[in-house]
Amino acid sequence: MRNIIRVLLFAFATPLVVLSQDKPPKPRVSPDALTGDQIAIYQAVLKDFNDGAKSPLNLANTTEPLERSGTKGCVNWVPASDKNSAPIVHRLDALVRSDSKLALVESKKHQQAIDDNDPQKLLKSAIDDGKKVDEDELSESVKRAVASALFTFYEIAFDKEHKRALLSYSFVCGGLCGHGETMVLRRSGKNWKIAKRCREWVS
C-alpha cells in the first residue's frame, strides 16, 4: 500500500479556534444507484491506493459532498456550489459487492475505533508519563491504526464532455495520522485512469 506507508505521525498540534458560521444544508443521500462511470472511477482510485493490501479497507458507506478547496489551480470546470440547496451524496454498497477487500462502515460509529487505536495516545503517554516507547511498540501502534482507519470518498465532478473527472479522498487513522488526495481521471475506453494529482495532504 504505497500511500499508507507515507502516513506520518507528528507532535501535537495546537488546536485551532474556528469561528461559528451558518451551517451548510445537511447532505441528502441520492435515491439513485451509482452510475457505471462513478463505479469505474472509484474502483480505479481504490486500486491505486490499496494495491497489494492484504487486510480489508474500512470504507465510509456514503460519499462526502464535493471537495472544492483542492481544485484551484487543478481544473476550471468544477461547477460552483449552491449554498442554499442540500448537497447530494451517494451510498457505496455497489463497491463492496465487487471487492472483498472492502468493509463498509458508518463513519460516525467507526470514529470510536479510530480513537481507540490512535497512535497519538501512545505518544501522549510517552510525553506525559515519561514512558519509554521502542520502535516495535510504535510500529505495532501504527499497524493497528492503519487497520482501523477510515477511507472516505468525496463526490465526483465531471467536465461537460464527460471525459474527465475530479475526485478527492481521505484516509484517517488518528488525530495526527492520515492523508488525502485530489486527482483528475481521464476516460480511456470504458475505463478511467488517473491523469493528474492536484493536491495531497498528510497529517
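For the stretch 174-186, in order, what is each residue's ³J(HN,Hα) by Karplus, 6.51 cos²θ - 1.76 cosθ + 1.60 with θ = phi - 60°, in whole Hz (x at glycine and Pro)?
Running phi through 6.51 cos²θ - 1.76 cosθ + 1.60 with θ = phi - 60° gives x, x, 10, 9, x, 6, x, 7, 10, 9, 10, 10, 10 Hz.
Using Cβ counts within 10 Å as a stand-in for footprinting exposure, how do Leu66, Leu104 rank, fewest first? Mind dumping the intermediate values first?
Working: Leu66 19, Leu104 16.
Final ranking by Cβ density, sparse to dense: Leu104, Leu66.
On a 0 to 90 degree scale, rounded to 10, what angle separates helix 36-50 from the longest Cα axis of the chain?
The angle comes out near 30 degrees.
Among Arg28, Arg68, rank each residue by its count of other Cβ atoms within 10 Å, from fewest to most, as a rough exposure measure. Provide the component values of the computation, followed by the final result.
Working: Arg28 12, Arg68 16.
With the fewest neighbours first, Arg28, Arg68 line up as Arg28, Arg68.
Tell me, what is the FRET efficiency for Ala86 and Glu135 to the nearest 0.05, using R0 = 35 angstrom and their Cβ-Cβ distance as r? Provide the component values of the computation, followed by the final result.
Values: r = 48 Å, r/R0 = 1.36.
The calculated FRET efficiency here is 0.15.
Could you list, in their original order, any pairs among Lys72/Lys190; Lys160/Lys190; Lys26/Lys108 whose Cα atoms are separated by more than 21 Å? Write out the running numbers ahead of the final one.
Values: Lys72/Lys190 28 Å; Lys160/Lys190 17 Å; Lys26/Lys108 15 Å.
Over 21 Å apart, Cα to Cα: Lys72/Lys190.
Can you tell me the dipole magnitude for the chain around its Cα centre, using point charges on the Cβ only (Lys, Arg +1; Asp, Glu -1), in Debye to the nearest 20? Mind showing how you got there, number by number?
Working: 31 positive and 26 negative charges, 160 e Å.
Roughly 760 debye for the chain.
Multiplying the sequence separation of Val202 and Ser188 by 0.36 nm and subtracting their Cα-Cα distance, what value in nm do you get? Before the final figure, lay out each step's value.
Working: separation 14, 0.36 × 14 = 5.04 nm, distance 2.97 nm.
Taking 0.36 nm per residue and subtracting the Cα distance, the gain is 2.1 nm.
What residues qualify as long-range amide H neighbours of Asn58, i.e. H under 5 Å apart, gap of 5 or more or another chain, H built at 1.01 Å from N?
Here Ala103, Phe151 satisfy the definition.
Which of the following values of Cα Rg over 2.2 N^0.38 Å was calculated from the structure shown: (1) 1.10; (2) 1.20; (3) 0.98?
(1)
Please compute the length gained on full extension between Cys74 and Glu161, using 0.36 nm multiplied by the number of residues separating them and subtracting their Cα-Cα distance.
Values: separation 87, 0.36 × 87 = 31.32 nm, distance 1.73 nm.
Separation in residues times 0.36 nm, less the Cα-Cα distance, equals 29.6 nm.
Karplus couplings for the stretch 100-112 from phi (6.51 cos²θ - 1.76 cosθ + 1.60, θ = phi - 60°), rounded to Hz, Gly and Pro as x?
6, 8, 10, 10, 7, 9, 8, 4, 5, 5, 6, 4, 5
Every number in this text was worked out from the coordinates using simple rules, so none of it is lab data. All figures in this text were calculated on a predicted structure; none of them were measured in a lab. Cβ atoms come from the backbone with ideal geometry, glycine included; neighbour counts cover every protein chain shown.
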